[in-house]
1. Residue check: is Asp32 acidic (Asp, Glu), under 28 Å from Leu135 (Cα atoms) and touching a residue at least 60 places away in the same chain (Cβ under 8 Å)?
2. Where residues in segment 179-194 are assigned to a helix (DSSP H, G or I) and crowded, with 17+ Cβ neighbours inside 10 Å, which of them is modelled with the lowest pLDDT?
3. Quick check: anything in segment 327-346 outside any strand (DSSP E or B), modelled with pLDDT under 95 and either over 51 Å from the mean Cα position of the chain (by Cα) or more than 30 Å from Thr255 (Cβ to Cβ) (or both)?
4. Which condition number in (1) touching a Ser or Thr at 6+ places or on another chain (Cβ under 9 Å); (2) open to solvent by less than 50 Å² (accessible area, probe 1.4 Å) is the one that Val421 fails?
5. Return yes when Leu5 is surrounded by 15 or more Cβ atoms within 10 Å (Cβ to Cβ) and at pLDDT below 85 and no when it is not.
6. When the residues of segment 229-247 are narrowed to those that are closer than 11 Å to Ala213 by Cβ and of a type outside the set (Phe, Trp, Tyr), which ends up most open to solvent (accessible area, probe 1.4 Å)?
7. So in segment 168-178, with the set limited to residues that are more than 14 Å from Leu248 (Cα to Cα) and surrounded by fewer than 13 Cβ atoms within 10 Å (Cβ to Cβ), which one is modelled with the lowest pLDDT?
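The values are calculated or read from the model by the stated rules, or taken from the named source; none is laboratory data. Nothing here was measured: the structure is a model prediction, and the numbers come from that model. A quick note on method: Cβ atoms are made from the backbone with ideal geometry, for glycine too, and the neighbour counts reach across all protein chains shown. Heads up: the accessible areas ignore ligands, DNA and RNA and are worked out on the full protein's heavy atoms, side chains in. Shrake-Rupley method; radii C 1.70, N 1.55, O 1.52, S 1.80 Å.
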Amino acid sequence: MPGYLSDNLTKAHMALGAWPGLAVAARALAKDSTAINAELHNEILANVPAFSDSHNPDILPDLERHCGAHTGEILRLLEGGPVGAFDFVGEHGRRCADQRFPLEATLHAYRCCHKVFARRVRDATVAAMVESDGLQKLVAAAADFTMEYANTVSTIATDTYVSHARFQSNLADDLKVNLLNVLLEGYDESDGRVAKILRDAGYLDRRQAFCVALAQPVDPAEMQNPSRAARLADSIEKSLRGTAFRSLIDIRDNTVTAVCSDMRRTSGWTAPRMDLARRLSSAFLTIGPAAVVGVSNDAPSTARIPTAFREAQLALQLADVSHRVMQFAEIPMQRLLFHLAGEEFQRVLPSWAAAYFQADAKARGALGATLRAYADADMNVLQTAKALKIHPNTIYSRLQRILDVTGLDARSYHALTELLVISECGQNRPTG
């Protein structure tokens with residue numbers, strides 16, 4: 001208990017205890033202790049709805065016991081006992097924190113108790129007065145005592161509730177981090193300790209599907225700002241509210257990381273549901289244009305989550321403002337290959353590639369666009385011209401320009417294939 005609270009309550013207690021007849025008042029209150037407990041209980045239920053609304057079967061019995069403990073402590077102090085440590089108040093605060101019962105409701109209940117005790121103590125002490133002199137001072141002393149008592153128990157309850165809730169939150173955060181590390185980094189199924197962690201957390205049901213999602217702001221440097229990172233994590237969590245998905249979300253390596261799961265099928269006799277990854281991608285579209293998200297393929301078991309994590313990393317790297325939510329399954333194979341090859345592929349480009357890139361840049365990308373449209377039209381010039389909304393002669397002119405620069409005739413399947421590869425590489429090569 002903070003020293004100033006102990007001092008204030010002790011002074012008020014001593015001031016009230018100096019009045020003759022206090023022992024008589026204490027005995028009168030003791031005879032009415034059952035009625036006082038009932039009045040406390042009824043006053044709280046009438047004014048604090050949280051106690052009646054709670055579906056926890058322990059809340060009301062705990063309240064009844066706690067009311068009795070306060071009545072007993074008030075009587076002990078009025079009978080001359082010293083101010084104690086109020087361990088029963090601290091224990092009740094910790095229990096409320098464990099039960100996730102709102103602290104505001106507990107403090108409101110103490111205000112209700114104060115109202116009852118203030119009236120009861122005042123009436124009992126006034127009735128026990130030997131003479132009428134000093135009535136106002138006695139009433140003031142009784143009021144000071146009950147007020148300091150209420151302040152003391154409220155402060156102790158708040159301190160223990162908050163510290164215990166913070167301790168529990170830290171434990172939960174530690175468990176979340178450990179669980180996320182196990183899932184993302186992989187594990188050996190023979191490890192009984194890990195198996196117990198996963199089983200206790202409900203991750204070993206064979207009917208489940210898993211998916212990993214990674215999110216960053218469009219400018220990844222913003223993750224260095226803790227409040228911005230926390231807002232993005234909150235946005236991811238908010239996007240999943242109201243869905244059937246179970247999610248484990250944390251900020252890991254400057255990236256919001258979510259491992260999501262859902263029942264793949266309700267039983268062995270029912271059809272599997274639509275891909276979890278596809279449903280997640282739809283949900284993530286609500287997080288706004290300032291962030292990009294990479295989503296893995298579905299993983300059929302926890303052992304495959306590390307693979308899903310790598311898929312989500314690749315998808316995130318290829319996400320941009322035009323494709324804010326990138327699903328790994330939707331990445332074109334060519335783009336994925338060029339991304340994985342990176343600088344190594346740039347070093348083995350054919351000698352004509354630089355001239356082609358320069359010519360395409362001068363044509364504002366028209367040569368590459370023509371090659372892609374020509375391939376999409378199954379090498380049909382008329383259909384290509386229709387798709388690009390230009391004259392067929394323009395298509396022939398561009399194909400001739402490509403032949404002049406590269407020595408490859410795009411009207412040949414093998415040449416077109418090579419040209420498409422190099423053209424795609426040009427789109428993904430580093431700039432500057």
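1. On the way: acidic (Asp, Glu): yes; under 28 Å from Leu135 (Cα atoms): yes; touching a residue at least 60 places away in the same chain (Cβ under 8 Å): yes.
For Asp32, the condition - acidic (Asp, Glu), under 28 Å from Leu135 (Cα atoms) and touching a residue at least 60 places away in the same chain (Cβ under 8 Å) - is met.
2. Restricting to residues being assigned to a helix (DSSP H, G or I) and crowded, with 17+ Cβ neighbours inside 10 Å, the top hit is Val194.
3. no
4. Going through (1) touching a Ser or Thr at 6+ places or on another chain (Cβ under 9 Å); (2) open to solvent by less than 50 Å² (accessible area, probe 1.4 Å) one by one, Val421 breaks only (1).
5. Working: surrounded by 15 or more Cβ atoms within 10 Å (Cβ to Cβ): yes; at pLDDT below 85: yes.
Here the answer is yes, as Leu5 does meet what is asked.
6. Restricting attention to segment 229-247, the residues satisfying the condition of being closer than 11 Å to Ala213 by Cβ are 236, 239-240, 245, 247.
The next check asks that each one be of a type outside the set (Phe, Trp, Tyr); those that pass are 236, 239-240, 247.
Details: Ile236: 4, Ser239: 15, Leu240: 10, Ser247: 48 Å².
My answer is Ser247.
7. Leu171
Each row is one residue, and each column tells you yes or no for (1) within 26 Å of Cys96 (Cβ to Cβ); (2) open to solvent by less than 40 Å² (accessible area, probe 1.4 Å); (3) among the small types (Gly, Ala, Ser); (4) in contact (Cβ under 8 Å) with a residue 60 or more places away in the chain.
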residue	(1), (2), (3), (4)
Leu9	yes, yes, no, yes
Gly21	no, yes, yes, yes
Ala25	no, yes, yes, yes
Ile36	yes, yes, no, yes
Asn47	yes, no, no, yes
Ile59	yes, yes, no, no
